[in-house]
Amino acid sequence: MTVASEDAGFWIKDMLAWHYTKRAQAKAFTLDHFIDKKPIPQKEKERLKNKINGRKTPQLKPAFEPLMLAQKPLEGTFINNFDKWAVGLIDTSITMDGHFPSNVLKVEKTEKKDKHGHPTQKPVALLEHLIKIFTQEGQTVLDPFIGSGSTAVACYKSKRKVIGYELESKYTSIARERIQKEVARAGFAY
Ligand SMILES: C[S@@+](CC[C@H](N)C(=O)[O-])C[C@H]1O[C@@H](n2cnc3c(N)ncnc32)[C@H](O)[C@@H]1O
């Protein structure tokens with residue numbers, strides 16, 4: 001994705017890590033049941049199990065997802081560009097933990113009770129934090145892969161406009177429903 005974005009003309013600025021500690025599934029698996037199924041004598045099975053001694057396939061439990069940070073090439077300097085387009089600089093007063101915003105974003109994965117039927121639903125708090133750093137109230141955020149609409153909800157919460165694309169109609173319905181609820185809660189629509 002990063003290579004394609006760079007080929008398309010974006011400047012690659014950083015890699016961010018969305019770091020979580022809960023609700024991640026460990027992927028490494030034990031091999032005992034494969035050994036049990038092998039057409040070999042029981043003694044040989046025991047020898048293999050003893051040698052492997054409970055070791056698992058080489059996959060450590062995921063605790064982060066990488067995010068690419070890119071920007072369109074500036075028009076002139078940072079100052080000229082911001083003066084013309086009002087983007088490209090960040091608001092470092094936005095904080096999740098009282099500290100200067102860093103490229104490690106500690107936000108837990110969405111709890112089951114807050115899931116809306118999309119397998120990779122992102123936490124609204126994570127998106128809201130990023131949206132507030134990179135944009136201002138009233139600006140428009142594009143999410144070309146909007147899924148169940150978490151970015152849209154984050155935009156409404158932070159008073160930004162949003163444009164979203166989604167291939168699957170089952171997800172656009174979920175997104176629409178979530179947006180309607182958020183608009184009703186906020187009492188206004190962008
Ligand atoms: C990682 S998911 C987004 C999840 C979303 N952030 C959320 O919290 O629900 C990516 C979505 O992009 C959609 N998608 C994939 N290719 C697409 C395309 N070419 N145009 C529009 N949507 C696409 C998939 O159907 C999927 O729902």
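The values are calculated or read from the model by the stated rules, or taken from the named source; none is laboratory data. The structure presented is a predicted model; accordingly, all values stated were derived computationally and were not measured. Here Cβ is always computed from backbone atoms with ideal geometry, including for glycine, and neighbour counts include all displayed protein chains.
Can Ser158 be described as of a type in the set (S, T, N, Q), more than 23 Å from Ser102 (Cβ to Cβ) and in the same structural domain as Met15 (by TED's automatic domain parsing)?
no
Of the residues that make up the stretch 117-132, is at least one β-branched (Val, Ile, Thr) and more than 12 Å from the ligand (Cβ to nearest atom)?
The answer is yes; a qualifying residue exists.
So Ile131 fits all but one of (1) among the β-branched types (Val, Ile, Thr); (2) assigned by TED's automatic domain parsing to the domain that holds His33; (3) surrounded by 11 or more Cβ atoms within 10 Å (Cβ to Cβ); what number is the exception?
(2)
Are any residues in the stretch 116-134 under 20 Å from Ala63 (Cβ atoms) and of a type in the set (Lys, Arg), and if so, which ones?
Restricting attention to the stretch 116-134, the residues satisfying the condition of being under 20 Å from Ala63 (Cβ atoms) are 119-123, 125-127, 129-130.
Lys122 - this is the single residue of the stretch 116-134 that is under 20 Å from Ala63 (Cβ atoms) and of a type in the set (Lys, Arg).
What's the number of the only condition in (1) surrounded by 18 or more Cβ atoms within 10 Å (Cβ to Cβ); (2) of a type outside the set (D, E, K, R); (3) farther than 19 Å from Trp85 by Cα that Gly117 fails to meet?
That leaves (1) as the condition not met.
Looking at (1) without any contact (Cβ under 8 Å) to a residue 60 or more places away in the chain; (2) in contact with a strand residue (DSSP E or B) (Cβ under 8 Å, 6 or more places away or on another chain); (3) more than 9 Å from the ligand (Cβ to nearest atom); (4) not acidic (Asp, Glu), find the lone condition where Pro144 falls short.
In the conditions (1) without any contact (Cβ under 8 Å) to a residue 60 or more places away in the chain; (2) in contact with a strand residue (DSSP E or B) (Cβ under 8 Å, 6 or more places away or on another chain); (3) more than 9 Å from the ligand (Cβ to nearest atom); (4) not acidic (Asp, Glu), Pro144 misses (3) alone.
Which one is farthest from the ligand (Cβ to nearest atom) among residues in the stretch 148-181 that are without any contact (Cβ under 8 Å) to a residue 40 or more places away in the chain and among the aromatic types (Phe, Trp, Tyr)?
Going through the qualifying residues, I end up with Tyr156.
So which helices (runs of 4 or more DSSP H) stay within the stretch 122-190 end to end and still have 1 or more residues that are of a type in the set (Gly, Ala, Ser) and touching a Gly at 6+ places or on another chain (Cβ under 7 Å)?
It comes to 150-157, 169-186.
Looking at the structure I just gave you, is Ala189 out of contact with any helix residue (DSSP H, G or I) (no Cβ under 9 Å at 6 or more places or on another chain), at pLDDT below 95 and surrounded by fewer than 13 Cβ atoms within 10 Å (Cβ to Cβ)?
no
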